[in-house]
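Structure record follows, encoded as structure tokens.
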């Protein structure tokens, strides 16, 4: 996010109320829901031994001119062949994000091509992308030395073990959808949250951590929710989403005070307090507020569009199923209404879903109904029939196999 023309980036913020108004304006932008986006993230391992620690220099060599400046200072960070930029997370996880597209078939085709190109670059260097939403082999270890991640790591370490795990050991699939017209936004916001427990369970694959069974179907969800609760947990869904999110952003701690080489923020400083003058000699700017918003990690993050962040990274081309399922479920207001009703038995059951996966009866019920609705609407995405059939078969296999196992 960047400050709008109405709020120049370097303008000091006068008060918390001013900051809340800005957040509500820039984080929820209204209009016809036309664009879709997807971001793919993977942990990275040595192909011959996934337990071996990753080396920043080795990863830099593999990525070459595509490496981000956070990994290689001065790198041109050239996009991959279909336009995706490669970024690197603190523990060496790699991520690709391409331009949003109004064409779902084009989005799938371009993302798949760039994912294949990145995988080839890694393989040529003896590296391989991970298959799970959490590093199953190694403890968290920060590779990137930039001030942002050093400050975040120190702040999160004060709260427990989950922050370093989230930063350095997790990998997610992010699906990005427009917020929709003003009269649709609240429903679309609620729908993406209400779908969350069923979809977390449906695509959970991060049970193991450093070689041990965590007891969680999605230990990635455990780590992300536990990083800086309650701000990394699902938000309240009552009231106006933009106003609620703005208040949440103000109450969240400042993780990075971008001053000098050390970006550590004073303990207990919230952005709302900073905007109201808690640091009299250092007023925050709208650029500081934009940066603060980038350090918040809820399960759905509003960024002008809605960024779904609660899905585990998937093996190979497995990212296509959750991407198309979400796009299909959100493709029509009437269908969104039906899907919210289908998700209702599991709405709010985030922790049972993350622990038990589809073994939770209510979560399985919601997942089956969402799969039925979503696969019935896959034609709305415009992808070809072969892909519709393949995705439908895969999704039904997941829920049907679980149902048969529970019944036996």
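Would you mind finding the one in 293, 311, 306 that is farther than 30 Å from residue 45 by Cα, touching a strand residue (DSSP E or B) at 6+ places or on another chain (Cβ under 8 Å) and crowded, with 16+ Cβ neighbours inside 10 Å?
306
Inside the range 3-48, can you point out the residues that are touching a strand residue (DSSP E or B) at 6+ places or on another chain (Cβ under 7 Å) and over 26 Å from residue 181 (Cα atoms)?
Once the filter is applied, which keeps residues that are touching a strand residue (DSSP E or B) at 6+ places or on another chain (Cβ under 7 Å) and over 26 Å from residue 181 (Cα atoms), the range 3-48 yields 9, 10, 11, 12, 13, 40, 41, 42, 44, 45, 46, 47.
If residue 7 satisfies every condition in (1) surrounded by 18 or more Cβ atoms within 10 Å (Cβ to Cβ); (2) modelled with pLDDT of 95 or more but one, which is the exception?
(2)
So, in the range 21-66, exactly how many residues are surrounded by 15 or more Cβ atoms within 10 Å (Cβ to Cβ), under 22 Å from residue 134 (Cα atoms) and in contact with a helix residue (DSSP H, G or I) (Cβ under 8 Å, 6 or more places away or on another chain)?
Residues flagged as surrounded by 15 or more Cβ atoms within 10 Å (Cβ to Cβ), under 22 Å from residue 134 (Cα atoms) and in contact with a helix residue (DSSP H, G or I) (Cβ under 8 Å, 6 or more places away or on another chain) within the range 21-66 amount to 6.
Within the range 335-353, is even one residue within 30 Å of residue 120 (Cα to Cα) and in contact with a strand residue (DSSP E or B) (Cβ under 9 Å, 6 or more places away or on another chain)?
no
Can you pull out every residue in the range 214-233 that is more than 18 Å from residue 313 (Cα to Cα) and out of contact with any helix residue (DSSP H, G or I) (no Cβ under 6 Å at 6 or more places or on another chain)?
Within the range 214-233, 215, 228, 229, 230, 231 meet the criteria.
Can you spot a residue in the range 331-346 that is buried (at least 22 other Cβ atoms within 10 Å of the Cβ) and closer than 24 Å to residue 246 by Cα?
Scanning the range 331-346 turns up no residue that is buried (at least 22 other Cβ atoms within 10 Å of the Cβ) and closer than 24 Å to residue 246 by Cα.
Can you name every residue in the range 123-143 that is over 21 Å from the mean Cα position of the chain (by Cα) and free of Cβ contacts under 8 Å to residues at least 60 places away in the same chain?
Of everything in the range 123-143, nothing turns out to be over 21 Å from the mean Cα position of the chain (by Cα) and free of Cβ contacts under 8 Å to residues at least 60 places away in the same chain.
Of all the residues that make up the range 68-122, how many are free of Cβ contacts under 8 Å to residues at least 60 places away in the same chain, surrounded by fewer than 20 Cβ atoms within 10 Å (Cβ to Cβ) and in a helix (DSSP H, G or I)?
Residues that pass the stated criteria total 8.
Name the helices (runs of 4 or more DSSP H) wholly within the range 209-323 that hold at least 1 residues that are within 30 Å of residue 391 (Cβ to Cβ) and in contact (Cβ under 8 Å) with a residue 12 or more places away in the chain?
Result: 219-226, 241-251.
Have a look at 248, 270 and point out the one that is surrounded by 16 or more Cβ atoms within 10 Å (Cβ to Cβ), under 27 Å from residue 220 (Cα atoms) and over 22 Å from the mean Cα position of the chain (by Cα).
270
The values are calculated or read from the model by the stated rules, or taken from the named source; none is laboratory data. Everything numeric here is computed off the predicted structure, so don't read it as measured data. Neighbour counts are summed over all protein chains in view; Cβ atoms, including those assigned to glycine, are modelled from backbone coordinates with ideal geometry.
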